[in-house]
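To keep things clear, I will list the structure first and then write my remarks on it.
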Amino acid sequence: MHGDARINVTHTEVLSDDWNRLEKVSFDYTRVDGATQSLTREVYHVDDGATALLYDSVRRTVVLVRQFRLPSHLRGKPAYLLEAPAGLLDGSSAEARIKDEIEEEAGYRVKSVERVFEAVMMPGSTGHRVHFFVAPYSPADKVSDGGGLRHEGEDIEVVEMGFDDALAMVNRGEIVDAKTMLLLQYARIHLLPAR
Ligand SMILES: Nc1nc2c(ncn2[C@@H]2O[C@H](COP(=O)(O)OP(=O)(O)O[C@H]3O[C@H](CO)[C@@H](O)[C@H](O)[C@@H]3O)[C@@H](O)[C@H]2O)c(=O)[nH]1
Ligand SMILES: [Mg+2]
């Protein structure tokens, strides 16, 4: 927090400044017992983002998107991840951005989105915050194939599936993206309870 008397930033080194900025920050930290420690931490400055779960409470379906994720590939993990549509804000409001992402990635033009919560995803490494939404949809809202922006390298498969099937994929470890897991569990509690 800026203005926190226990924190005194002494030096900031920019390690990389390309797509995002990676900094090495040195700071003096006053512990709860009053002692001071000099620490350094790397911080990755990533634009905030927005994500939404498209759900149809009549047919009990959701719409997810599957896309290649290089970091998972480099870890030798499954890399074609099934996720809720999401995007970086890039100067827009979260509401406007997520409506556009839903259309670009999933091909649905939804009438409304409901904000449900905000979360930091890797608090030790980045302050990147994700704004979470849920959005009712029906087949009539489909306006295109979706698929993302080819000129930005996006190659997105739209996957409509039963809500219970999506939760079963979470339980089997086949859906591992945290934002998607949070949204599916939110939906189980608040939107589509077990019957
Ligand atoms: N040139 C270049 N382009 C990049 C780079 N990293 C990402 N991009 C481009 O930036 C766009 C990112 O796509 P979005 O739909 O805006 O975001 P996302 O990757 O789906 O999701 C992001 O936000 C989510 C919610 O905050 C996050 O959950 C997710 O991890 C990611 O940061 C894509 O067109 C991608 O090609 C890079 O290093 N270089
Ligand atoms: Mg995206």
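Label positions at residue 74 and residue 7, each projected 7 Å from the Cα along the C-beta direction, are separated by 2.7 nm. Here the relative contact order of the chain, from alpha carbon pairs under 8 Å that lie six or more residues apart, stands at 21 percent. In a simple Cβ point-charge model (Lys, Arg +1; Asp, Glu -1; nothing else charged), the stretch 49-190 has a dipole of about 400 debye relative to its Cα centre.
Just to confirm my numbers, what's the Cα centroid distance between the stretch 136-195 and the stretch 51-130 in Å? Cα centroid to Cα centroid, the span is 9 Å. In the elastic network of the chain, a GNM with C-alpha springs shorter than 10 Å, the most mobile of 15, 183, 81 is 15. Taking only the alpha carbons of the stretch 49-190, we obtain Rg and Dmax values of 14.3, 42 Å in that order.
Looking only at the chain, where both bridge partners belong to it, what percent of the DSSP beta bridges are antiparallel (to the nearest 5)? In the chain, approximately 85 percent of DSSP beta bridges are antiparallel ones. Accessible area per residue for the chain is 60 Å², calculated with a 1.4 Å probe on protein heavy atoms, without ligands, DNA or RNA. The apolar share of the surface of the chain, taken as the fraction of accessible area on carbon and sulfur atoms (1.4 Å probe, ligands and nucleic acids excluded), comes to 50 percent. Coupling constants for the stretch 105-111 follow from the phi torsions by the Karplus curve (6.51 cos²θ - 1.76 cosθ + 1.60, θ = phi - 60°), and in residue order they are 8, 9, x, 10, 9, 8, 6 Hz; glycine and proline get x.
Between residue 120 and residue 100, the modelled label-to-label distance comes to 2.7 nm, taking each label 7 Å out from Cα in the direction of the beta carbon.
The values are calculated or read from the model by the stated rules, or taken from the named source; none is laboratory data. Model, not experiment: these values are computed from the prediction. FYI the Cβ positions are ideal-geometry reconstructions off the backbone, even for glycines, and counts take in every protein chain you see. Heavy atoms of the whole protein, side chains included, go into the accessibility calculation; ligands, DNA and RNA do not. Shrake-Rupley method; radii C 1.70, N 1.55, O 1.52, S 1.80 Å.
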